[in-house]
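One structure is given here, and the rest of the page talks about it.
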Amino acid sequence: MRRKRRVGAIAGAAALAALVAGGCGVTPSGALSASAGAPVATPGATLPTLGPEPTATQEPTPSLPALVDRSLLAILPAQVAGSPVEEDIDGEREFGADPGGTVRRYAAAVVGDAGQNIASVSVAALDPADMAAFFPAWRADYDEAACAANEGLGETATTTVGGREVESTSCTGGVRVYHVRLHGDALLVSIMSIGPDDFGAKLIEGLRE
């Protein structure tokens, strides 16, 4: 069940990536906006901290799991190359509740342009003590789902993007996957990116922490 929910978190984005890889453009007013919600917080917003579970006073969007906390998206840049970074409501809804309770809060976002560039982002907050055990399985499932429609897994590497250590995977079909651990292992940012401008790397360069 846990693996199904992890994969479900990026299933829609992987499908969009397959369309882009097949030569279909993605426009903010088209396929992208079908699952997108409000833009993420503007620069200068208070960054999220690993605190209590979300409460009813946070006015969650109806039908979204209780652990969804859109304030986590404040760590993302408001835009990439002029394209707005928007909350991915469908991705949040599909993620559901983590059965083991490892993920304490979760949010998702997506950004794309009128050409061939798109990136899907998952932001998960957890207890730093759980990261070492949680991350390998999360990465394996995320990478597999992202690359499933893009000719399978390719090379993996540890690299540096925007001054941050990043775990990366290149799908054979051109999709790139990035994982960044932040705030002393309290936050995990996972990104699936496709397109010549690599919006995924640009998202990492613009992270606010």
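Bear in mind these aren't lab numbers, they're just calculated from the coordinates by the rules spelled out. Everything numeric in this text was worked out from a predicted model, so none of it was measured. Cβ: placed from backbone, ideal geometry, glycine included. Neighbour counts: every protein chain shown.
General observations
- Estimated at 0.36 nm per residue, the fully extended path between T160 and A140 surpasses their Cα-Cα distance by 5.2 nm.
- Restricting segment 64-116 to GluC sites (Glu not before Pro) that sit in a DSSP loop and have at most 14 other Cβ atoms within 10 Å of their own Cβ leaves nothing.
- Gyration tensor (alpha-carbon) shape descriptor, segment 110-209, a/c threshold 1.5: oblate
- 5 angstrom amide H check on D127, placed H, neighbours 5+ away: R104
- Shape of segment 96-149, Cα gyration tensor, a/c cut at 1.5: prolate
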